[in-house]
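Contents: one structure, followed by commentary.
Just so you know, all these numbers are worked out from the coordinates, no wet-lab data involved. Since we're looking at a predicted model, the values are computed, not measured. A quick note on method: Cβ atoms are made from the backbone with ideal geometry, for glycine too, and the neighbour counts reach across all protein chains shown.
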Amino acid sequence: MYLKTILLLFCLTIRNAVGTVRCYACTFSSVDSDQSCLTITNTTFSVDCPYTYCTIMRQEYLDPPGSVASFTRGCDDEPDYLNHEITDTTFRTFYRACTSDLCNIGNGIQSVVGGGLSPVPEYTGDNLLVPGTGNAGVLQPTLLTMFLSSAAVYNVVN
């Protein structure tokens, strides 16, 4: 019975680790009258994203400052930028990416907080997360460790 429980938990962990993430998905352009994509409400559309990242791209005109030219919430497997700002002669563009359900909620200016943002805003642990590696580098050791720990507990109990 105990072994079946361990296997069930292991399978659920694998399913969640390689499963989908929910992301808000909408677009706004300066010519649109509907500005609902700029602020999350209970009617904001969301999707089951088959990829790793929920994203925000906010593009503002430099003149007048802060005027939104376009805004997109979506999902992506390999975003061009994870947490970056680019300014050219016409626009200031903010790119944000995060990795947990419905984490692309902000205004796009601030980094996503508490949403599994990659890269981590500040280094606080023993392992440094490198942008672009996704979850693959973390997934295998974590699952292997969990499985081996469960097997060790099973052997101690029996």
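Taking the highest mean first, how do the peptides 70-78, 91-99, 44-52, 28-36 order by number of other beta carbon atoms within 10 angstrom per residue? Don't skip to the end; give the middle numbers.
Working: 70-78: 18.0, 91-99: 21.3, 44-52: 15.3, 28-36: 11.3.
Packing order, densest peptide first, comes out as 91-99, 70-78, 44-52, 28-36.
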_Taking Cys26, Cys37 and counting other C-beta atoms within 10 Å, the order from fewest to most_ = Cys26, Cys37
*Want the number for Val31 to Asn107: 0.36 nm per residue separation, take away the alpha-carbon distance, what's left?*
25.5 nm
*Pull up all non-local amide H partners of Ile40: gap of 5 or more, or a different chain, and H-to-H distance under 5 Å with H placed in the peptide plane.*
none
_Extended-chain gain in nm, criterion 0.36 nm per residue less alpha-carbon gap, Glu78 and Thr41_ = 10.6 nm
